[in-house]
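Since the structure comes first, as structure tokens, the remarks are kept for the end.
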């Protein structure tokens, strides 16, 4: 059985560790690979390589760094079908979704290709008498990224692309559930011309993570995952003097106003609520029906959820694939059980789905609840599965308060035809990413991705200019030069070294001997004479 090992210093690194994890195909439950779990020696080697390689990389001109990413982008496009197939085989999402997520990661690569411009500082002349001041952004050193299973290509590229373009070296700890694509990206970076040791991949679990986020040689930590782990990563890394951006969980609401286009609403909820089997931090998991729109929404939404085409992600006709693991499948089903027991009305029940030939796959059909209350578990907690809750609220203000009172603040959206309502919602909601008649308001790569409240720990969001600021240190220089003798003075003349071609000896000539060969401004250059 194939083993996914570590990628350190530009090549496969075979650990002496005796700990391994299993990688499964979620569509049929078959074990397809094993992944080596790094030990402390592996982590130490990766950090040492990153430190050493980072010294030269930090001194590499930004234009040279950007050219690596121009080539990297071309290589991703060349191999995108294979990358998507590997992603689907380990995660389960449909092929078009896999390819789309890789494309979204590639957009960060395109943004990073402009790093020479993005790193430009500011200049102020005469901040005082004959005093100038300017700023520059310089690399941090060694960056660590800890990425989740749901986007094994896109989220790592949110992290390492900006970090490396800014002149840092990077160590990625991807999810052990789907490790192949991150390893493939490491190989593509090497093919693109990235020097060995600048990008390294450490596979493993909490043991490897704890070593990475506490080592004194690591300067920054980026994380995406659940809120309890995000908070742990933030506090532990900060305690060890790291710069940290730690993105946690979500409970994203769509507010549906009575004047909304319900066909657009339903299309948005199907894609954002059930796409990728709900395993997205930007998934819409709550629809807030305002006024009398609730019954009409349920009437239009129910048949669409009932008729979702569920199956293996490689089937081009399928709309929703399996969940990542049997453990996660059991967890999602337990949330549906809890919703029923707490009194929510289960309109569509996908728990009993069975697919011929894929009986051992981790499948669940779309689930739809109505009349969900704010004190119910299915409303309070992130389910991370294809479970949509409809909540009824009488007014816009009630809906807005509900959104703002939730502990998570990752993303939200409102569907309405009224500009004043949309503006009020966008202005007053306490959420990091807001959509207006857009179901998944993920910012483009030249903006930044991040939530509020318990969806983001740290001061910086990901990619965009926030990413550039996170992965660099600001340095400001204030400069004054002593007054020199300028008026009427000849320009300074450098001494000339004349080499006797016969004896090979060199001797400095005085200023008077330079009248025939003046050499002004540049460092002295040897002149051969007979």
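Throughout, read-outs are computed from the coordinates displayed, never taken from laboratory work. Source: prediction; values computed, not measured. Cβ placement follows ideal geometry from the backbone for every residue including glycine, while neighbour counts extend to all protein chains displayed.
How high is the relative contact order of the stretch 252-443, in percent, with contacts defined as C-alpha pairs under 8 Å that are six or more residues apart?
Values: 377 pairs, mean separation 55.7, N = 192.
With pairs under 8 Å counted, the relative contact order is 29 percent.
Considering only the chain, what is the antiparallel percent among its DSSP beta bridges, to the nearest 5? Please list the in-between numbers first.
Working: 33 of 77 bridges.
Just about 45 percent of them are antiparallel.
Within the stretch 347-386, find all residues whose amide N lies under 14 Å from a label point positioned 7 Å from the Cα of residue 226 along Cα-to-beta-carbon.
381-385
Taking one equal scatterer on every alpha-carbon of the chain, how large is log10 of I(q)/I(0) by Debye at q = 0.07, 0.09, 0.12 1/Å?
Log-scaled intensity ratios, in q order: -0.47, -0.70, -1.12.
In nanometres, what is the gap between the two model label sites at residue 373 and residue 123, each 7 Å from Cα along Cα-to-Cβ?
With each label placed 7 Å out from Cα toward Cβ, I get 6.6 nm.
Multiply the residue gap between residue 259 and residue 103 by 0.36 nm, knock off their C-alpha separation, and tell me the result in nm, one decimal place. Don't skip to the answer; put the middle values down first.
Working: separation 156, 0.36 × 156 = 56.16 nm, distance 3.43 nm.
Residue separation times 0.36 nm, minus the Cα-Cα distance, leaves 52.7 nm.
If a paramagnetic tag sat 7 Å from the Cα of residue 56 along the Cα-Cβ line, which residues of the stretch 175-190 would have the backbone N under 18 Å from that point?
Within reach of a label on residue 56: 189-190.
By counting other Cβ atoms within 10 Å of each Cβ, how are 135, 226, 276 ranked from fewest to most? If you can, show how the numbers build up before the last one.
Details: 135 13, 226 16, 276 25.
Least to most surrounded, the residues fall as 135, 226, 276.
Which value in Å does the Kirkwood hydrodynamic radius of the stretch 32-97 take, with 1/r averaged over all unlike C-alpha pairs and then inverted?
Computed over the stretch 32-97, the radius equals 15.4 Å.
Report the extension gain between residue 380 and residue 67 in nm, rounded to one decimal, defined as 0.36 nm multiplied by the number of residues separating them, less their alpha carbon distance. Working shown, then result.
Details: separation 313, 0.36 × 313 = 112.68 nm, distance 4.62 nm.
Taking 0.36 nm per residue and subtracting the Cα distance, the gain is 108.1 nm.
Express in nm, to one decimal, how much length is gained between residue 360 and residue 481 on full extension, taking 0.36 nm for each residue of separation and deducting their alpha carbon distance. The partial results should precede the final answer.
Details: separation 121, 0.36 × 121 = 43.56 nm, distance 7.54 nm.
Gain on extension, residue 360 to residue 481, equals 36.0 nm.
Tell me, what is the percent relative contact order of the chain, built from C-alpha pairs under 8 Å that lie six or more residues apart?
Numbers: 1201 pairs, mean separation 86.4, N = 530.
Over the chain, the number comes to 16 percent.
Seen from all sides and averaged, what is the projected area of the convex hull of the Cα atoms in the stretch 52-211, in nm²?
On the way: hull surface 42.3 nm².
Mean orientational projected area (the stretch 52-211, Cα hull): 10.6 nm².
Considering only C-alpha atoms, what is the centroid distance from the stretch 341-355 to the stretch 371-419, in Å?
20 Å
Could you work out the helix-only [θ] at 222 nm for the chain, with each DSSP H run of four or more residues adding -39,500 (n - 2.57) and the total divided by the number of residues, to the nearest 500 deg cm²/dmol? Could the numbers behind the result be given before it?
Details: 15 runs with 190 residues, N = 530.
After summing the helix terms and dividing by residue count, I get -11500 deg cm²/dmol.
With the crude spin-label approximation of a point 7 Å out along Cα→Cβ, what separation in nm comes out for residue 424 versus residue 397?
For residue 424 paired with residue 397, the spin-label model returns 0.9 nm.
Listing 375, 210 from the residue with the fewest other Cβ atoms within 10 Å to the one with the most, what is the order? Spell out each step's value before the answer.
On the way: 375 8, 210 16.
Starting with the residue having the fewest Cβ neighbours, the order is 375, 210.
So if R0 is 35 Å, what FRET efficiency would residue 331 and residue 18 give, r being the distance between their Cβ atoms, rounded to the nearest 0.05? Intermediate values should be presented prior to the final figure.
On the way: r = 29 Å, r/R0 = 0.83.
Rounded to the nearest 0.05, the efficiency is 0.75.
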